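S.K.: Mind looking over this structure? Questions follow.
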Amino acid sequence: MENKPLKIAYITPALYMAGGVERVLTLKTNYFAEHFGYDITIILTEGKDKPLFYPLSEKIKVINLDIGFEELWTCSFVKKIFVYLRKQSQYKKALTKELMRIRPD
């Protein structure tokens, strides 16, 4: 039986900001990829064309679903409801598709 590396997927909004979650996630995934050879994919919803704030190992795959939940910050209350429902549906469909393709452990 072949011993394949552990396959892990992380899902977070974005990695273009200098936040605590972003810092911890990049440190953790870099360590797992470099020291244990884990097959790691990070799935994002925001910041499609923005550079990552913290360095990330070339061994780590990054997929951006480009959902744009940040658009909700600029909507009126009524519009926000419809935009949110549409984006949630889009997010669920895109995330399910990626997870089925990746098949993380």
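S.K.: Any residue that is modelled with pLDDT under 95, open to solvent by 80 Å² or more (accessible area, probe 1.4 Å) and more than 13 Å from the chain's Cα centre (by Cα) - is there at least one of those in the stretch 66-73?
M.R.: yes
S.K.: Take the residues in the stretch 10-19 that are open to solvent by 30 Å² or more (accessible area, probe 1.4 Å) and under 15 Å from the mean Cα position of the chain (by Cα), then tell me which one is farthest from Glu98 (Cα to Cα).
M.R.: Only one residue tops the list, namely Met17.
S.K.: Could you tell me whether Ser57 is open to solvent by less than 70 Å² (accessible area, probe 1.4 Å) and touching a residue at least 24 places away in the same chain (Cβ under 8 Å)?
M.R.: yes
S.K.: Select from the stretch 35-54 the residues that are without any contact (Cβ under 8 Å) to a residue 24 or more places away in the chain and under 13 Å from Ala14 (Cβ atoms) and write down the one among them that is least open to solvent (accessible area, probe 1.4 Å).
M.R.: Lys48
Results for (1) open to solvent by less than 80 Å² (accessible area, probe 1.4 Å); (2) within 15 Å of the chain's Cα centre (by Cα), shown as yes or no for each residue.
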residue	(1), (2)
Ile8	yes, yes
Lys61	no, yes
Asn64	yes, yes
Asp105	no, no
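S.K.: Taking the stretch 74-103 only, how many residues are open to solvent by 100 Å² or more (accessible area, probe 1.4 Å) and among the hydrophobic types (A, V, I, L, M, F, W, C)?
M.R.: 4
S.K.: So is Tyr31 out of contact with any Cys (no Cβ under 7 Å at 6 or more places or on another chain) and surrounded by 13 or more Cβ atoms within 10 Å (Cβ to Cβ) or not?
M.R.: no
The values are calculated or read from the model by the stated rules, or taken from the named source; none is laboratory data. A quick note: this is a predicted structure, and the numbers were derived from the prediction, not measured. FYI the Cβ positions are ideal-geometry reconstructions off the backbone, even for glycines, and counts take in every protein chain you see. We work out accessible area using only protein heavy atoms, side chains counted, and drop any ligands, DNA or RNA first. Shrake-Rupley method; radii C 1.70, N 1.55, O 1.52, S 1.80 Å.
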